[in-house]
């Protein structure tokens, strides 16, 4: 699968790099998840929060994804680690699916590894993106 350019806001990049640093001080020290997230940040186009398109998944975005193999849709909110589990639909950026989905746009298809093998998901809708709602911090 061709790797697409993803977009991440400057603010999210700073917070994510700090979260990676903190996580590496503890149980995630040698984690593949941290390496994957760092890789995503390294390949991303970093944009001003005011300039990120409204159809891009940023931190705290509420999105609808479709599993292309099963046809099932799911609604998720991409959150920082400290907010994971606060709601049933929240997914941490440190979870494999969270790392996989950041920066993708409506219509994009991305892959992530599950215990049953790779899954392909399509971004169907962004129900809420903080930056589109005027929240830039």
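Observations
- Output for segment 71-94, where each listed residue is farther than 14 Å from residue 128 by Cα and buried (at least 19 other Cβ atoms within 10 Å of the Cβ): 91, 92, 93, 94
- Just one of the listed residues (4, 29) is loosely packed, with under 14 Cβ neighbours inside 10 Å, touching a residue at least 40 places away in the same chain (Cβ under 8 Å) and outside any strand (DSSP E or B), and it is 4.
- Residues in segment 54-105 that are touching a helix residue (DSSP H, G or I) at 6+ places or on another chain (Cβ under 7 Å) and free of Cβ contacts under 8 Å to residues at least 40 places away in the same chain: 78, 90, 91, 92.
- Any hit, segment 47-70, residues being exposed (fewer than 11 other Cβ atoms within 10 Å of the Cβ), at pLDDT below 95 and farther than 18 Å from residue 126 by Cα: yes
- Elements of type strands (runs of 3 or more DSSP E) in segment 45-122, at least 1 residues being under 16 Å from residue 33 (Cα atoms) and under 13 Å from the mean Cα position of the chain (by Cα): 73-79, 90-92, 109-114
- Members of segment 108-137 found to be in contact with a strand residue (DSSP E or B) (Cβ under 6 Å, 6 or more places away or on another chain) and either surrounded by fewer than 16 Cβ atoms within 10 Å (Cβ to Cβ) or over 20 Å from residue 6 (Cα atoms) (or both), listed by number: 109, 111, 118, 120, 124, 125, 127, 128
- Whichever residue in segment 32-45 is loosely packed, with under 15 Cβ neighbours inside 10 Å and without any contact (Cβ under 8 Å) to a residue 40 or more places away in the chain and, among such residues, is farthest from residue 103 (Cα to Cα): 32
- Residue check, residue 98 at pLDDT below 95, closer than 23 Å to residue 49 by Cα and surrounded by 15 or more Cβ atoms within 10 Å (Cβ to Cβ): yes
The values are calculated or read from the model by the stated rules, or taken from the named source; none is laboratory data. What you see is a predicted model, and the numbers here were worked out from it, not measured in a lab. As a convention, Cβ positions derive from the backbone with ideal geometry for all residues, glycine included, and neighbour counts pool all protein chains shown.
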